[in-house]
Structures are given as C-alpha cells and as structure tokens.
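Okay, structure first, notes after.
The values are calculated or read from the model by the stated rules, or taken from the named source; none is laboratory data. In this text, all values refer to a predicted model and were calculated from it rather than measured experimentally. Here the Cβ is made from the backbone with ideal geometry for all residues, glycine too, and neighbour counts use every protein chain on show.
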Amino acid sequence: MNECKYYDVVNDLLKFVLCELKEKNISISHFKIQKAIFKIKMELGQNHPLFDYLPFYWSEHGPFSDVVSKQFIELKNNNCIQYSSHTVFLDDKSFNDFSQVNKLIDEYPIINSISDGIFEDSNLFFNKFDEDIYLDYAPFSFMHPFKYVLYETTIDDELFSSLVSDNYLNVFYDCLSDLPHDKLLVDFSVLFSRLFSRLELINDENQFLNNWGYIIQPVQLSWLTFARWVRIHNHDGFYNDDIGSWKNELEKFIREDSP
C-alpha cells in the first residue's frame with residue numbers, strides 16, 4: 001500500500017472528528033480522540049476499504065496510532081488546535097476551513113452515522129468510553145481489570161480511598177493466571193508472580209495499605225511492561241518494521257522491573 005494514502009486518510013478523518021467535536025462543543029484529550037478514530041475503524045469493519053488505512057497498535061493507552069499522532073502534531077504546529085486543561089479543540093478558522101469540504105466523508109457517508117453514535121454524549125470526557133473500548137476490543141479480556149483496577153488505583157486517589165486489599169489481590173491473581181504463554185513474557189511472568197507473592201505476604205500481615213507507597217511503582221511498571229508486549233502481539237501490518245525496536249524496549253522494561 002502507498003504510505004501517503006495512510007496519512008491522507010487519517011488526515012481527512014482527524015479533521016472530520018475535530019469538526020464534529022467543535023460542532024458538539026466537546027473538548028477531549030488526544031488519547032480519547034485516538035480511541036474515537038479507532039472506534040470508527042472498528043465499526044467500519046474489516047471488509048471496509050478504509051480499515052487497513054487506519055493503522056493502530058495496542059499499548060499503554062489502549063489502541064494508539066502513530067499516524068494519527070503525527071497528523072495531530074502537524075495540526076498543532078500549524079496552530080489549528082487549542083489546548084486547555086489537557087483537552088483539545090479546533091479554532092474557529094480551522095473549523096471553517098476543514099468543514100467546507102471533506103472528500104473522504106463525501107465518499108463514505110457511513111462515517112457520519114458512526115460518529116453521531118460516538119459523540120451523542122456531550123459528556124464524553126467523563127464517561128466510560130475508554131473502558132468500553134477495552135471491554136469491546138482489547139486483545140485479552142484481563143487487560144481491562146489490569147489497567148482499570150490494578151494500574152488506575154495507583155494513580156487515582158478516589159479509587160485508592162475505596163480499595164479493599166483482598167479484592168485487589170483477587171484481580172491481581174486473575175490477571176496473573178490469564179497471562180499468555182509466550183517466550184517474550186517468561187521473565188515478566190516470573191517477576192509478576194513474585195510481586196503477587198510479596199503483596200499477598202504484606203496483606204497477610206495486615207500491612208497492605210500501610211505499604212501502598214511502595215506498591216505503586218512496581219504495579220505501574222508491570223502494566224507499562226505488559227503493554228509493551230501487547231504492542232508486539234497486536235498491531236496492524238503498517239508497524240511490522242517496528243517490531244525489532246519494540247522487542248528491545250520490552251527487554252529494557254523487564255530489566256528495570258527486576259529486583
């Protein structure tokens with residue numbers, strides 16, 4: 001496939017999504033825009049002509065596209081996009097320019113109906129859209145609790161305030177039990193199992209919450225390390241040439257995770 005075609009398709013679709021958000025007065029993060037475009041791709045389906053031109057891989061933030069990110073940065077550098085409190089929105093001039101004509105949307109009007117379903121909730125920034133993406137499309141079902149229970153609790157004070165250590169460890173055990181059998185994950189699986197055993201011991205001594213400050217970093221590193229394996233396992237063919245560097249990065253993270 002012509003690489004320029006990827007960028008042309010993504011550029012038109014990104015501009016369309018930004019215009020839709022502007023029309024509906026929705027400001028969301030770059031990562032949520034990535035997920036919205038991924039959702040459009042998945043609802044178009046594998047047999048749609050655009051499916052292969054929207055290249056994604058799964059990583060720490062869920063489905064992510066370097067092509068979308070590059071086009072997004074280009075718009076930002078051209079001062080088309082404004083930022084406020086980690087959310088983004090299109091300026092008025094760019095909205096007028098981008099909404100005049102969009103050949104991609106004219107050719108595939110189904111994108112309009114798909115986007116209407118995605119953006120019907122003006123409270124998109126606060127709803128469970130991200131979690132739904134994991135529940136519906138993550139390569140492994142345990143990735144949702146891995147991220148939204150184990151990892152998110154380490155960065156969300158509200159989740160931590162309601163933490164029940166036994167429940168947390170049950171989720172941890174389920175994730176450990178469901179880890180895929182893959183030679184790239186052998187060392188990680190050993191380290192993840194050791195971490196679980198240590199957390200169990202702390203919990204048996206009724207010291208889980210007292211040691212939470214020490215638990216945060218290894219749990220976070222575990223998610224980030226596993227996410228780098230998922231990127232190798234689940235990516236569109238566009239990224240095949242990146243597998244070597246991704247494997248090197250995974251090995252680096254596993255070394256950093258070692259005691």
Assess whether I111 counts as being among the hydrophobic types (A, V, I, L, M, F, W, C) and part of a helix (DSSP H, G or I). yes
Select, from L221, L195, L179, the only residue that is more than 23 Å from the chain's Cα centre (by Cα) and either hydrophobic (A, V, I, L, M, F, W, C) or closer than 30 Å to C4 by Cα (or both). L195
Long-range neighbours under 6 Å by Cβ, at least six apart or interchain, first residue at pLDDT 95 or above within region 186-208, second in a helix (DSSP H, G or I) and loosely packed, with under 15 Cβ neighbours inside 10 Å: I202/N211
Working carefully through the options N240, N170, N210, find the one that is over 25 Å from G62 (Cβ atoms) and not small (G, A, S). N210
Among residues of region 209-241, those that are in contact with a Pro (Cβ under 8 Å, 6 or more places away or on another chain) and among the hydrophobic types (A, V, I, L, M, F, W, C), counted: 2
Which of the strands (runs of 3 or more DSSP E) contained wholly in region 1-91 include at least 2 residues that are in contact with a strand residue (DSSP E or B) (Cβ under 7 Å, 6 or more places away or on another chain), closer than 20 Å to A138 by Cα and charged (D, E, K, R)? none
Hey, I28 surrounded by 19 or more Cβ atoms within 10 Å (Cβ to Cβ) and at pLDDT below 85 or not: yes
Assuming F142 fulfils every condition listed in (1) touching an Asp or Glu at 6+ places or on another chain (Cβ under 6 Å); (2) under 18 Å from F31 (Cα atoms); (3) without any contact (Cβ under 8 Å) to a residue 40 or more places away in the chain apart from one, which condition is it? (2)
In region 114-156, the residues that are touching a strand residue (DSSP E or B) at 6+ places or on another chain (Cβ under 9 Å) and outside any helix (DSSP H, G or I): L124, F125, A138, P139
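Okay, residues lined up against (1) in the same structural domain as F192 (by TED's automatic domain parsing); (2) more than 17 Å from K32 (Cβ to Cβ); (3) of a type outside the set (G, A, S):
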site	(1), (2), (3)
F72	no, no, yes
N77	no, yes, yes
S94	no, yes, no
D97	no, yes, yes
V101	no, yes, yes
E107	no, yes, yes
G117	no, no, no
D121	no, no, yes
Y148	yes, no, yes
Breaking point among (1) of a type in the set (A, V, I, L, M); (2) modelled with pLDDT under 90; (3) under 24 Å from I110 (Cα atoms), for L50: (2)
From Q46, Q34, grab the single residue that is more than 30 Å from S222 (Cβ to Cβ), polar (S, T, N, Q) and touching a helix residue (DSSP H, G or I) at 6+ places or on another chain (Cβ under 9 Å). Q46
If you take the residues of region 63-86 that are of a type in the set (G, A, S) and exposed (fewer than 14 other Cβ atoms within 10 Å of the Cβ), which of them is modelled with the highest pLDDT? S84
Can you tell which of I105, I133, I110 is under 26 Å from R231 (Cβ atoms), touching a residue at least 60 places away in the same chain (Cβ under 8 Å) and among the β-branched types (V, I, T)? I133
